[in-house]
Amino acid sequence: MLEGPLPGDRVAVACAGAGAVVWFEGVVRPSEDGQELAALLYEVYPPMTGRLMEELADEIASAFGLTGLAVEHSVGRVAVGEVSFRLGVSAAHRREALDAMDRFIARMKAEVPIWKVPAFVDGGAG
């Protein structure tokens, strides 16, 4: 978990045998529930969040036969237009890479304790 927006550089996930490398970046949208956002504030439960993220990465990599997986998620304030989440996967084939990415994101949202609190332009919070 990194404080604030994620840097522009990505870690390497491609390795021998990879025929597909896929990256996803989650960017803070300009509005939430019809209100203009200034930023999102990401909160985590540190003892559990990191462990669950690692376990999920290992499980997904094994289940889909990935050759590589890298994941980063922000904590703290991330402004509109900045990257708060990045997932990279590599696999022998495109389908496995895309399916693994989709499964990882769905499970992370459902199972990993990461909360986002909207900070609206008008000064309100969600």
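Assorted remarks:
- The spacing between segment 71-96 and segment 45-61, judged by their C-alpha centroids, is 14 Å.
- Charge tally for residue 112 (other residues, Cβ to Cβ under 11 Å; Lys, Arg +1; Asp, Glu -1): 0.
- Average silhouette area of the chain, convex hull of alpha-carbon atoms, in square nanometres: 7.8 nm²
- Over every Cα atom in segment 85-126, the radius of gyration and the widest Cα-Cα span, Dmax, amount to 15.4, 48 Å.
- Listed residues 94, 103 arranged by accessible area, highest first, probe 1.4 Å: 94, 103
- Nearest-10 value in Å² for the accessible area of residue 99, using the 1.4 Å probe: 60 Å²
- Angle of helix 94-111 to the longest C-alpha principal axis of the chain, folded into 0 to 90 degrees and rounded to 10: 40°.
- With all protein chains in place and ligands, DNA and RNA left out, the 1.4 Å accessible area ranks 2, 87, 52 as 2, 52, 87, largest first.
- Candidates 26, 78, 65 compared by Cα position along the dipole of segment 13-126: farthest toward the positive end lies 65, with charges placed on Cβ.
- Nearest-20 debye value, the chain charge dipole, Cβ charges on Lys, Arg, Asp, Glu: 260 debye
- Applying 0.36 nm per residue to the separation of residue 11 and residue 110 and subtracting their alpha-carbon distance, the gain on full extension is 33.1 nm.
- In the chain, taking the dipole from charged Cβ atoms about the Cα centre, the farthest positive-side position among 35, 15, 1 is held by 15.
The values are calculated or read from the model by the stated rules, or taken from the named source; none is laboratory data. In this text the structure is predicted, and so the values were computed from the model without any measurement. In this analysis, Cβ positions are derived from the backbone assuming ideal geometry, glycine residues included, and neighbour counts consider all displayed protein chains. Areas reflect the complete protein model, heavy atoms only, side chains present, ligands, DNA and RNA absent. Shrake-Rupley method; radii C 1.70, N 1.55, O 1.52, S 1.80 Å.
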